[in-house]
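The values are calculated or read from the model by the stated rules, or taken from the named source; none is laboratory data. Because the structure is a prediction, the values reported are computed rather than measured. Here the Cβ is made from the backbone with ideal geometry for all residues, glycine too, and neighbour counts use every protein chain on show. We work out accessible area using only protein heavy atoms, side chains counted, and drop any ligands, DNA or RNA first. Shrake-Rupley method; radii C 1.70, N 1.55, O 1.52, S 1.80 Å.
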Amino acid sequence: MTTLFTTLDSPLGELLLVGERSATAPGGTALASLSVPGQKGGVTVAAGWVRDADAFTGIAGQLAAYFAGTLTRFDIEYVSSGTPFRRRVWEAVENIPYGTTFTYGEIAARIGESRGAARPVGTAIGANPLLVVRPCHRVVGANGSLTGYAGGLERKQLLLALEGMTFTARPGRDE
């Protein structure tokens, strides 16, 4: 299967979108990766990949609407990846409503694990290949602090501010 890619300017810097053609995806492209420059574990363009901005028109439109504040939930097909545990964590992350945050412990509880599983949940979230569209930026520390984000904490803070969130500690919530 041919790997397609394009780049897109955004408030986070240049985004690298990587995907594959899909007959079932809105717009015809399933997204495999969305990364930012300097991202921990981010991808780089590989030999043999084909630049095709048109393949990502629908995804780019949704991202533009999100950054403009008019889209609160993405309708994008993803290329399946990750272990079963990671997929469970990522599905829970995808269901965090726009403008809200959950702790790592809350995500663990949502997937049927103990709150003590916050560390492996954090590791799974850190391996999320789909920044922004799979909103791992909505996961915060036990006290509401901005912890961990593969794209950098400044970008996490920017995304949360875009969604209208403030950054105060949240007493009584644990990881």
Notebook entry, point to check: Can you name the residue in the range 41-73 that is assigned to a loop (DSSP other than H, G, I, E, B), aliphatic (A, V, I, L, M) and in contact with a strand residue (DSSP E or B) (Cβ under 8 Å, 6 or more places away or on another chain) and is also farthest from Leu131 (Cα to Cα) among such residues?
Noted result: Val45
Checklist line | Looking only at the range 46-58, and only at residues there that are exposed (fewer than 14 other Cβ atoms within 10 Å of the Cβ) and of a type in the set (A, V, I, L, M, F, W, C), the one that is nearest to Tyr149 (Cα to Cα) | finding: Ala46
Notebook entry, point to check: Residues of the range 124-146 being more than 14 Å from the chain's Cα centre (by Cα) and within 29 Å of Ala64 (Cα to Cα), which ones?
Noted result: Gly141, Gly144, Ser145, Leu146
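Of all residues in the range 79-128 being of a type in the set (Asp, Glu) and free of Cβ contacts under 8 Å to residues at least 40 places away in the same chain, which is nearest to Ala30 (Cα to Cα)?
The extreme case among them is Glu91.
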Next item on the list: Please state which one of Ser22, Ser33 is buried (at least 18 other Cβ atoms within 10 Å of the Cβ) and within 13 Å of Leu4 (Cα to Cα).
Entry: Ser33
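For (1) of a type in the set (Asp, Glu); (2) within 22 Å of Leu160 (Cβ to Cβ); (3) in contact with a strand residue (DSSP E or B) (Cβ under 8 Å, 6 or more places away or on another chain), each residue gets a yes or a no:
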site	(1), (2), (3)
Arg88	no, no, no
Pro97	no, yes, no
Ile107	no, yes, yes
Ser114	no, no, no
Ala124	no, yes, no
Arg134	no, yes, yes
Notebook entry, point to check: Which residues, counting only those in the range 1-12, are at pLDDT 95 or above and open to solvent by 30 Å² or more (accessible area, probe 1.4 Å)?
Noted result: Thr3, Thr7, Leu8, Asp9, Pro11
